[in-house]
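Remarks on the structure that follows.
The values are calculated or read from the model by the stated rules, or taken from the named source; none is laboratory data. Keep in mind the model is a prediction, meaning the values are calculated, not measured. Note that each Cβ is placed from the backbone with ideal geometry, even for glycine, and that neighbours are counted across all protein chains shown. Just the protein is used for accessible areas: all its heavy atoms, side chains included, with ligands, DNA and RNA removed. Shrake-Rupley method; radii C 1.70, N 1.55, O 1.52, S 1.80 Å.
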Amino acid sequence: MTTTFLTFVGDQCGKAEEAIRFYTSIFPNSEIKNITKYSKGEAGGTPELIKHGVFTLNGVEYMVSESNYKHHWSFSPAVSICIIHRSEELIQTLFEKISSNNGQIMVPLEDYKGEGDYGFGKKFGWCEDTYGVSWQFILSD
């Protein structure tokens, strides 16, 4: 089994619970399955931070943690969550919600036909949400 594990560190530390509550509120068939917080005095975090969490987006499981250690890395657009769906309305709605609230659009969600066609869908878009996580959106055939 493989799963995506999101680690919120640096400026994103302390925002994991807000992020997964937002994600599960906008994706269908989604839920927070478990959140375990750090114990007082436990290495790696404080009681308000998520030590380990599990949530699903449209039935796909993700794991999450956050750490207040001084890490020399954070999220990178080189790794993103890719949403592929046949519903143009769903792709458009999710793209707008995820890129809003201080998110960053890296590639606008547009039709790609003919020149400039990426070859893997009718529409493509790429953005980063307010929590620093990158997302790609593909409208499939």
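Projecting label points 7 angstrom from Cα along Cα→Cβ for C82 and S39 puts them 4.2 nm apart. Taking 7 Å steps out from each Cα toward its Cβ at Q92 and D141 produces label points 2.2 nm apart. Counting only DSSP beta bridges with both residues in the chain, the antiparallel share comes to about 65 percent. Among the protein heavy atoms of the chain, carbon and sulfur supply 49% of the accessible surface, probe 1.4 Å, non-protein parts ignored. Note on T2 and S74: with the Förster distance fixed at 22 Å, the Cβ-Cβ geometry gives a FRET efficiency of about 0.50. Across segment 51-59, rounded Karplus estimates of 3J(HN,Hα) from the backbone phi angles (6.51 cos²θ - 1.76 cosθ + 1.60, θ = phi - 60°) give 6, 7, x, 10, 9, 10, 10, 6, x Hz, Gly and Pro being marked x. Mean sequence separation of contacting Cα pairs (under 8 Å, at least six apart), scaled by the length of segment 50-141, corresponds to a relative contact order of 29 percent. Note that the chain presents 57 Å² accessible area per residue, ligands and nucleic acids not counted, probe 1.4 Å. Across the chain, where is the longest run that never hits chymotrypsin sites (Phe, Trp or Tyr not before Pro) in a DSSP loop with at most 14 other C-beta atoms within 10 Å? After excluding every exposed loop site, the longest remaining stretch is 1-68. Note on the chain: Cα Rg divided by 2.2 N^0.38 Å, N the number of residues, gives 1.13.
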